[in-house]
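K.L.:
Below are the structure tokens for one structure; questions will follow.
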Amino acid sequence: MPGAEKTYRAVHAVGPGKLELIEKPLLDPLAGYVRIRVEACGVCHSDSATVEGILPIEWPRVPGHEVVGRIDLVGEGVEGWVVGQRVGVGFLGGSCGHCEYCRDGDLVNCVNQGFTGVQQNGGYAEVMIAKASSLMAVPDELSSVDAAPLLCAGLTTFSALRNSPARAGDLVAVLGVGGLGHLGVQYARHMGFEVIAINRGGDDKAELAKKLGAHRYIDSAVTDIAKALQERGGAQVVLVTASGGKAVAAAVKGLRRGGVVISLGATDEPIELSAFELLFKSLGVAGALTGTPAAGDATLRFSALSDVAAMVETMPLERAPEAYAKMMSGQARFRMVLTMT
């Protein structure tokens with residue numbers, strides 16, 4: 001009807017574990033921001049920081065930080081992005097450009113940066129407002145559904161491997177063949193590493209690991225990980241995608257001299273290590289948190305060129321609570337993606 005307020009559908013968290021489908025008023029973007037018509041949004045385990053209230057946030061809040069859509073309105077002062085362009089938004093909500101870390105080129109650690117779906121509304125919605133400095137360019141070769149999981153799970157694993165000390169031909173192990181790990185195995189293979197996938201499970205897991213590109217598979221339920229890796233000379237890098245300090249500590253024992261464990265799993269469990277081994281074998285343990293928008297661009301381009309893809313299950317926006325519950329229970333096969341119609 002004439003003069004009626006324009007709205008869009010969104011699913012927001014209103015309390016611990018509570019997601020509701022609502023109508024929100026359509027707003028114009030502020031200066032430095034763009035408005036996006038969302039086409040797909042991944043459902044990531046990190047969304048629990050909002051839905052379960054793990055991080056200090058203000059409810060209600062729309063979760064979702066694996067967002068792909070098209071710009072439909074550009075705010076004042078935005079350059080380099082145009083209406084109709086397909087873009088992605090990840091966990092980082094956009095750097096400020098003037099803090100100490102930004103001035104040093106470390107955009108990931110910008111002290112004024114909010115997190116998408118945490119301090120600002122995310123992509124469980126038909127429309128999203130995003131800071132222009134957070135945007136990533138989505139190649140035409142990738143569908144929105146395929147691109148969405150690459151903006152967090154893909155970006156995190158790709159950046160960790162790309163910035164690691166491993167070089168083509170080096171032995172790289174991926175511990176955990178799940179939502180992150182099944183992408184890590186693919187990236188590692190296409191980067192030219194000798195790839196060993198490690199997970200609990202027998203022939204079915206081994207077959208999947210080989211299909212994803214692993215040269216070898218280790219069943220951690222029946223095999224000593226460190227011993228198996230050392231029998232092959234030790235790993236230059238072990239990418240630990242499974243949560244847990246014990247997993248990291250076990251992986252360190254499988255490194256060659258000068259090797260490094262890169263931990264991607266967020267956990268409170270402490271990591272107990274031998275300072276003697278770290279010192280005399282020059283070993284390292286590092287954490288990796290997502291990547292810059294430029295690294296996101298590279299992740300998407302590399303994925304399109306090498307046919308790296310997440311294994312996904314899709315659900316429409318209105319089934320977001322179901323998709324979230326399935327992801328949290330571990331019943332999802334790797335990645336859940338919401339679609340907007």
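K.L.:
Can you compute the equivalent ellipsoid semi-axes for the chain, i.e. the square root of 5 times each eigenvalue of the Cα gyration tensor, sorted largest first and rounded to whole Å? Mind showing how you got there, number by number?
P.N.:
On the way: eigenvalues 263, 86, 69 Å².
So the three semi-axes of the chain are 36, 21, 19 Å.
K.L.:
Next up: Tabulate in residue order the Karplus-calculated ³J(HN,Hα) for segment 5-17, using 6.51 cos²θ - 1.76 cosθ + 1.60 with θ = phi - 60°, rounded to whole Hz; enter x for Gly and Pro.
P.N.:
Values, residue by residue: 5, 7, 9, 9, 8, 8, 10, 10, 8, 10, x, x, x Hz.
K.L.:
While we're on this one: If r is the Cβ-Cβ distance from Asp28 to Glu100 and R0 is 35 Å, what FRET efficiency results, to the nearest 0.05?
P.N.:
Values: r = 32 Å, r/R0 = 0.92.
Here the calculated transfer efficiency is 0.60.
K.L.:
Tabulate in residue order the Karplus-calculated ³J(HN,Hα) for segment 331-341, using 6.51 cos²θ - 1.76 cosθ + 1.60 with θ = phi - 60°, rounded to whole Hz; enter x for Gly and Pro.
P.N.:
Taking θ as phi minus 60°, the curve returns 7, 6, 8, 6, 9, 9, 10, 8, 10, 10, 10 Hz for segment 331-341.
K.L.:
Neighbour counts of other C-beta atoms within 10 Å: give me Tyr217, Tyr8 arranged from fewest to most.
P.N.:
Values: Tyr217 23, Tyr8 17.
Going from least to most buried by this count: Tyr8, Tyr217.
K.L.:
Determine the alpha carbon to alpha carbon distance for each of Lys281/Lys326; Lys227/Lys326; Lys211/Lys326; Lys211/Lys246; Lys205/Lys253 and list only those over 31 Å.
P.N.:
On the way: Lys281/Lys326 42 Å; Lys227/Lys326 36 Å; Lys211/Lys326 25 Å; Lys211/Lys246 28 Å; Lys205/Lys253 23 Å.
Among Lys281/Lys326; Lys227/Lys326; Lys211/Lys326; Lys211/Lys246; Lys205/Lys253, the Cα-Cα distance tops 31 Å for Lys281/Lys326; Lys227/Lys326.
K.L.:
A further question on this structure: What is the sum of charges, Lys and Arg at +1 and Asp and Glu at -1, for the other residues whose Cβ falls under 12 Å from the Cβ of Ala13? Mind dumping the intermediate values first?
P.N.:
Details: positive: Lys18, Arg61; negative: Glu20, Asp47, Glu52, Glu58.
Net charge around Ala13: -2.
K.L.:
If you project the alpha carbons of segment 155-287 onto their three principal axes, what span does each projection cover, largest first, in Å?
P.N.:
Principal axes ranked by extent give 38, 29, 29 Å for the Cα atoms.
K.L.:
Then there's this: Go through 278-290, 191-203, 223-235 and give me the packing order, highest mean Cβ count within 10 Å leading. Before the final figure, lay out each step's value.
P.N.:
Numbers: 278-290: 14.8, 191-203: 20.1, 223-235: 16.7.
Highest-to-lowest ranking by the protection proxy: 191-203, 223-235, 278-290.
K.L.:
A further question on this structure: If you average the C-alpha positions of segment 36-103 and of segment 220-259 separately, how far apart do those two centres end up, in angstrom?
P.N.:
35
K.L.:
Right, another one. Give me the number: length gained by fully extending Thr267 to Lys6, i.e. 0.36 nm times residue separation minus the C-alpha to C-alpha distance, one decimal in nm.
P.N.:
Details: separation 261, 0.36 × 261 = 93.96 nm, distance 4.19 nm.
Gain on stretching Thr267 to Lys6: 89.8 nm.
K.L.:
Relative contact order of the chain: what whole-number percent is it, with Cα pairs under 8 angstrom and at least 6 residues apart?
P.N.:
17
K.L.:
Which net charge results for the neighbourhood of Arg86, defined as the other residues with beta-carbon distances under 9 angstrom from its beta-carbon, given Lys and Arg at +1 and Asp and Glu at -1?
P.N.:
Values: positive: Arg70; negative: Glu39, Asp140.
So the surrounding residues net to -1.
K.L.:
Okay, moving on. So, counting K/R as plus one and D/E as minus one, what does the shell of residues with Cβ under 10 Å around Gly69 add up to?
P.N.:
Working: positive: Arg35, Arg37, Arg70, Arg86; negative: Glu39, Asp72, Glu126.
With Lys, Arg at +1 and Asp, Glu at -1, the neighbours total +1.
K.L.:
Can you give me the relative contact order of segment 77-217 as a percent, contacts being Cα pairs under 8 Å and 6 or more apart?
P.N.:
Numbers: 185 pairs, mean separation 24.7, N = 141.
Averaging sequence separation for qualifying contacts and normalising by length gives 18 percent for segment 77-217.
K.L.:
For Gly122, which sequence-distant residues (separation of 5 or more, or a different chain) have an amide H within less than 5 Å of its own amide H, given hydrogens modelled in the peptide plane?
P.N.:
Excluding prolines and chain starts, which carry no amide H, the hits are Val62, Gly117.
K.L.:
Test of understanding: what is the full-extension gain from Arg167 to Arg333, defined as 0.36 nm times their sequence separation minus their Cα-Cα distance? Display every interim value, and only then the final one.
P.N.:
On the way: separation 166, 0.36 × 166 = 59.76 nm, distance 3.06 nm.
Fully extending the segment from Arg167 to Arg333 adds 56.7 nm.
K.L.:
If amide H atoms are built 1.01 Å from N in the plane of the peptide, which residues on other chains or at least 5 residues away come under 5 Å of the amide H of Val238?
P.N.:
Placed amide hydrogens put Ala173, Val260, Val261, Ile262 under 5 Å from Val238.
K.L.:
Another question, then. Can you tell me, using C-alpha contacts under 8 Å and at least 6 residues apart, the relative contact order of segment 196-341 as a whole percent? Intermediate results must be reported in sequence, preceding the final value.
P.N.:
Details: 202 pairs, mean separation 20.7, N = 146.
The value is 14 percent.
K.L.:
In nm, to one decimal, how far is the Ile54 label point from the Ala286 one, both placed 7 Å along Cα→Cβ?
P.N.:
Here the answer is 2.3 nm between the modelled labels.
K.L.:
Can I ask one more? In units of 2.2 N^0.38 Å, what is the alpha-carbon radius of gyration of segment 160-223? Working shown, then result.
P.N.:
Working: Rg = 10.9 Å, N = 64, 2.2 N^0.38 = 10.7 Å.
Compared with the compact-globule rule of thumb, segment 160-223 sits at 1.02.
K.L.:
Using a Förster radius of 25 Å, what is the FRET efficiency between Glu313 and Lys211 based on their Cβ-Cβ separation? Nearest 0.05, please. Working shown, then result.
P.N.:
On the way: r = 18 Å, r/R0 = 0.71.
So, using R0 = 25 Å, E works out to roughly 0.90.
Taken together, the values in this text are just the output of simple stated rules run on the coordinates, not laboratory data. The model shown is predicted, which means the values in this text are computed figures rather than measured ones. Because the Cβ atoms are built from the backbone with ideal geometry, glycine has one as well, and the counts that use them run over all protein chains shown.
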